[in-house]
Amino acid sequence: MQKRPKIGIIMSTTRPGRFADIPTGWLFNIAKERNDADFEIVDLRDYPMPFFEEKVPLHVAPPQNEVALRWGEKMASLDGFIFVTAEYNHSIPAVLKNALDYLYSEIHRKPATFLGYGGTGAARAIGHLGEILAAASLKQTVHIGMVEMIGMLREGKTMAEYPYLDDFAKRMLDEIVWWANTLKEDRSGDEVAEAA
Ligand SMILES: Cc1cc2nc3c(=O)[nH]c(=O)nc-3n(C[C@H](O)[C@H](O)[C@H](O)COP(=O)(O)O)c2cc1C
């Protein structure tokens, strides 16, 4: 029988005082209740990479930078990704784009979905992220909007006060687990993905 898929919950902002910890912790707690997949938080703060400065493109050779290598190994070890992302100037945070620039085959043939937060629930950033990843981007996403963010940041509310978001999270988790399982099975004879 196939092993349970490993799903990474990627924290995509790194600034001090970031909001990212709140939605990530909330999602991780819901995900942990499941017994059909293993979930792991992958925090970009743990992978402080310089702006991309590799001499050789990554389709030719792996990165020389040790942190980037470690980041790539972590992403390669996962079967699917949930990017928890803010929207910075109508797109994805630069630190996330830089981290993605250091990847090549590690996310190949794997599914990705998104939990966004911001004025429009980071819808614009998520749209860009789907194009950037050029992966199996799923339709089931979660958006924490202005109302919820203001409630939490200014009125001391918590995620528990927005229970409708739990339903979106569960639907998103159902989908990413299904896709991760399905693609993991199909990747098992895939030399490109296995070497990644
Ligand atoms: C550089 C920067 C650009 C931002 N641009 C947007 C934006 O385009 N759309 C939006 O909804 N919020 C924007 N915001 C507000 C963020 O949604 C809000 O600050 C959020 O908490 C950022 O995520 P973080 O706390 O995890 O860094 C921006 C914030 C920063 C710091």
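In the chain, the sites counted are trypsin sites (Lys or Arg not before Pro) in DSSP loop states with at most 12 other Cβ atoms within 10 Å, and the longest stretch holding none of them, exclusive of the sites, is 56-138. Using a cut-off of 25 Å between Cα atoms, the listed pairs 32/184; 32/74; 110/157; 110/139; 32/139 include 110/157 as exceeding that distance.
Ordered from highest to lowest accessible area with the whole protein assembly present and a 1.4 Å probe, 188, 12, 91 read as 188, 91, 12.
The aspartates and glutamates within cross-link reach of residue 6, meaning a Cα-to-Cα straight distance under 12 Å and a gap of 8 or more places when in the same chain, are 36, 38, 40, 79.
From the Cα gyration tensor of the range 112-196, with a ≥ b ≥ c the square roots of its eigenvalues, which class applies: rounded if a/c is under 1.5, or else prolate if a/b is larger than b/c, or else oblate? Prolate is the answer for the range 112-196, as a/c is 1.5 or above and a/b outweighs b/c. Computed from point charges on the beta carbon alone (+1 for Lys and Arg, -1 for Asp and Glu), the dipole magnitude for the range 2-135 about its Cα centre is near 160 Debye. Across the chain, C-alpha contacts under 8 Å between residues 6 or more apart give a mean separation that, scaled by the residue count, equals a relative contact order of 24 percent. Derived scalar couplings between HN and Hα for the range 170-177 equal 5, 5, 4, 5, 3, 5, 5, 5 Hz in order, rounded to whole Hz, by the Karplus curve 6.51 cos²θ - 1.76 cosθ + 1.60 (θ = phi - 60°), x for Gly and Pro.
Between the amide H of residue 137 and those of 112, distances stay under 5 Å, these residues lying 5 or more places away or on another chain, with hydrogens modeled in the peptide plane.
Mind running the shape call on the chain? Use the C-alpha gyration tensor, a ≥ b ≥ c as the square roots of the eigenvalues: rounded below 1.5 for a/c, prolate if a/b tops b/c, oblate otherwise. Write out the running numbers ahead of the final one.
On the way: a/c = 2.02, a/b = 1.29, b/c = 1.57.
It comes out oblate by the Cα gyration axes.
Secondary-structure-derived ellipticity at 222 nm for the chain, considering helices only, amounts to -12500 deg cm²/dmol, per-run term -39500 (n - 2.57) for DSSP H runs with n ≥ 4.
The values are calculated or read from the model by the stated rules, or taken from the named source; none is laboratory data. The structure presented is a predicted model; accordingly, all values stated were derived computationally and were not measured. Here Cβ is always computed from backbone atoms with ideal geometry, including for glycine, and neighbour counts include all displayed protein chains. To get the accessible areas, we keep the full protein, side chains included, count just its heavy atoms, and leave off ligands, DNA and RNA. Shrake-Rupley method; radii C 1.70, N 1.55, O 1.52, S 1.80 Å.
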